[in-house]
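Asks: Quick one: structure below, then a few questions.
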Amino acid sequence: MRIGIIGLGNIGRVHARNIQNGLVGDAQLCAVANQPIETLDDFREQGIACFDDAGKLIDSGEVEAVVVAVPPALHEPIGIRAIESGMHVMIEKPLARHKAEGQRILAALQREDQVIALMMNQRTNPCFLQIKAWMNEGAIGTLQRVCWTTTNWFRPEIYFQTSPWRATWQGEGGGVLMNQATHDIDMLQWLVGMPSSVQAHCSFGKYHDIEVEDEVFAYFEFPNGARGQFVASTGESPGVCRVEIVGDRGTILSDGKEATCIRTSESVSRYSKTTDEMFGSPDRSTESYASSERVNQHATVLDHFVKAIRGEAELIADASEGIHAIELAGAMIYSTWIDAPVALPLDAAAYEKAIQEKIAASKPRNVNPVTVKVDMARSFR
C-alpha cells in the first residue's frame, strides 16, 4: 500500500516512523508534503517524494492513500481534495473544527469501497476496550449516571507558542475540547452513547494566554433519563483521569489504565422495591482489569486502515464516527456562548454561524523562537 503523509509536524512524523519501521502491515511511505519543503530534506535523502503542497502530492500519482496530519483548519479543504481524487484517507483527530465542516468532508465520498478513517487512537487502549466489552454485554444494566473527569492534560504556556494555529478559533476551532480531550469525548460517547442535552460552562484563557477554552464543566442528560458530568482542563497538574459509569446492575470505575466492574446480583431498582431489609443492598461481585500490554496505538489504527482497504479488517474508527466528538465538543462551547442548554443533535448551521464570528476575529499566536523540548512519548499533537 503506497501511502503519503500530508503534514510532518509532531504527529505526522510519528506516523512516518511507524510506517518506515514496518509497524503498519504491508505499507510503504512513498511521499510526504510539508511547508517549508526544506523540513523534508531527511525524507528526500531516503528517496521519498517530497512536496511543498498537499495538492501536488495528491495529484502526483505516487500514492493510493494519504494521512492528513495538518492543523484542523486544513482538514476540510485537504480532506475533501484527497477524497474527491478517489484516494483512501486517514484524517488525524479531530475530524474538523466543527460539525458542518465534518459533514462536508463525509459528503465528498466518491464510492462505496473508498475508505475514510479517523485517527482515534484511544479506541485501541486495552483498558477502554475492556470497558467497551463490559458495556456491550450489559454488565451494569441500564445507564443511570456517568462522570468523566479528564484533567491530566496539563500544558505549560510554551506548548501553545510552538505553532501559530494552536489554541485559536481559526486554527483548531477550540481548545482542550477540540485537541486534548477530544479523545475522552470520543470514549465517553463510544461507551455510553450521545446525550440528548448539554449545558456547559467553558472558561476561555483561564490558565493560559489563549483565546479558546482551557477548562470545562458540563452537565449531560441522556435519552433514557440518565445524567452525566464532564470535566476537562489543561491547567491542572498532576491532574486526574477518573471515569465512573453507573448502571442499574453495577458500576464501572477506571483511571484509563486499570478498570473495575462491580456487578450487583440483581437489578438495584427491583431489589429496592422488594427487600424487607431496612439497610439492605444487593450482593456484589467485583472484576478487576489491569493490562501490562504496551500498544502502539497510532500504528494499530493505521494498520487497520491499510487492512480495511484490502477488506481484511474493520476500521478502528470510520470517519463518520468523528462527527460525534466534534458535535459534543461544539455543544459544550455553544452552551457557554448562549448560556443555556443545547439540544442534540447540534444545529450544525447555527453553530457554524456562531463559530465563524469567532474565527473572523481570531488571531494567530506568536511563535516562541526558543528551542522547545518535545517528549514524543507524551506528545499527541
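Asks: So which of E352, E357, E321, E312 is within 13 Å of the chain's Cα centre (by Cα) and either among the acidic types (D, E) or under 17 Å from F230 (Cβ atoms) (or both)?
Replies: Details: E352 fails: within 13 Å of the chain's Cα centre (by Cα); E357 fails: within 13 Å of the chain's Cα centre (by Cα); E312 fails: within 13 Å of the chain's Cα centre (by Cα).
Checking each option against the conditions leaves just E321.
Asks: Collect the residues in the stretch 309-325 that are crowded, with 18+ Cβ neighbours inside 10 Å and either touching a strand residue (DSSP E or B) at 6+ places or on another chain (Cβ under 7 Å) or not β-branched (V, I, T) (or both), keeping them in residue-number order. If you could, list the steps in order and put the result at the bottom.
Replies: Step one: list which residues in the stretch 309-325 are crowded, with 18+ Cβ neighbours inside 10 Å, which gives 309, 315-317, 319, 321-325.
Those that are crowded, with 18+ Cβ neighbours inside 10 Å and either touching a strand residue (DSSP E or B) at 6+ places or on another chain (Cβ under 7 Å) or not β-branched (V, I, T) (or both): I309, L315, A317, A319, E321, G322, H324, A325.
Asks: Considering only residues of the stretch 180-206 that are aliphatic (A, V, I, L, M) and either assigned to a strand (DSSP E or B) or at pLDDT below 95 (or both), which is surrounded by the fewest Cβ atoms within 10 Å (Cβ to Cβ)? Lay out the reasoning, then the answer.
Replies: At the first step, the residues of the stretch 180-206 found to be aliphatic (A, V, I, L, M) are 181, 185, 187-188, 191-192, 194, 198, 200.
Going one step further and asking which of them are either assigned to a strand (DSSP E or B) or at pLDDT below 95 (or both), we end up with 198, 200.
Values: V198: 26, A200: 24.
This residue is A200.
Asks: If you don't mind, another one. Checking the structure you have, find out if any residue of the stretch 105-120 is of a type in the set (K, R) and crowded, with 19+ Cβ neighbours inside 10 Å.
Replies: Residues of the stretch 105-120 of a type in the set (K, R): 111.
From the residues that got through so far, the ones that are crowded, with 19+ Cβ neighbours inside 10 Å too are none.
Within the stretch 105-120, not a single residue is of a type in the set (K, R) and crowded, with 19+ Cβ neighbours inside 10 Å.
Asks: Something else: Within the stretch 75-108, track down each residue that is more than 16 Å from the chain's Cα centre (by Cα), in contact (Cβ under 8 Å) with a residue 60 or more places away in the chain and more than 21 Å from I333 (Cα to Cα).
Replies: If the condition is that a residue be more than 16 Å from the chain's Cα centre (by Cα), in contact (Cβ under 8 Å) with a residue 60 or more places away in the chain and more than 21 Å from I333 (Cα to Cα), then I78, A82, H88, V89, I105, L106 are the ones that fit.
Asks: Here's another thing I want to ask about it. Could you look through the stretch 283-300, keep only residues that are of a type in the set (G, A, S) and in a strand (DSSP E or B), and pick out the one that is modelled with the lowest pLDDT?
Replies: Within the stretch 283-300, the first condition is being of a type in the set (G, A, S), and the residues that meet it are 285, 288, 290-292, 299.
With in a strand (DSSP E or B) added as a condition, the list becomes 285, 288, 290.
On the way: S285: 98, S288: 98, A290: 95.
So, considering only residues that are of a type in the set (G, A, S) and in a strand (DSSP E or B), the one modelled with the lowest pLDDT is A290.
Asks: Assess whether S265 counts as being more than 24 Å from A354 (Cβ to Cβ) and free of Cβ contacts under 8 Å to residues at least 24 places away in the same chain. Show your work before the answer.
Replies: Values: more than 24 Å from A354 (Cβ to Cβ): yes; free of Cβ contacts under 8 Å to residues at least 24 places away in the same chain: yes.
It is true that S265 is more than 24 Å from A354 (Cβ to Cβ) and free of Cβ contacts under 8 Å to residues at least 24 places away in the same chain.
Asks: In this structure, does C147 turn out to be buried (at least 21 other Cβ atoms within 10 Å of the Cβ), not polar (S, T, N, Q) and not in a loop (DSSP other than H, G, I, E, B)?
Replies: It is false that C147 is buried (at least 21 other Cβ atoms within 10 Å of the Cβ), not polar (S, T, N, Q) and not in a loop (DSSP other than H, G, I, E, B).
Asks: Output the residues belonging to the stretch 231-253 that are polar (S, T, N, Q) and either on the phi > 0 side of the Ramachandran plot or surrounded by fewer than 22 Cβ atoms within 10 Å (Cβ to Cβ) (or both).
Replies: As a first pass, look at the stretch 231-253 and keep what is polar (S, T, N, Q): 233-234, 237, 251.
Residues satisfying the conditions are S237, T251.
Asks: Additional query: Run N152 past the list (1) in contact (Cβ under 8 Å) with a residue 60 or more places away in the chain; (2) out of contact with any Pro (no Cβ under 8 Å at 6 or more places or on another chain); (3) in the same structural domain as D214 (by TED's automatic domain parsing) and report the number of the one that doesn't hold.
Replies: Condition not satisfied by N152: (2).
Asks: Which ones in the stretch 220-243 are of a type outside the set (S, T, N, Q), under 21 Å from T182 (Cβ atoms) and touching a Lys or Arg at 6+ places or on another chain (Cβ under 7 Å)?
Replies: F220, G228, G235, listed by residue number.
The values are calculated or read from the model by the stated rules, or taken from the named source; none is laboratory data. Just so we're clear, the structure is a prediction, and the values are computed from it rather than from any experiment. Note that each Cβ is placed from the backbone with ideal geometry, even for glycine, and that neighbours are counted across all protein chains shown.
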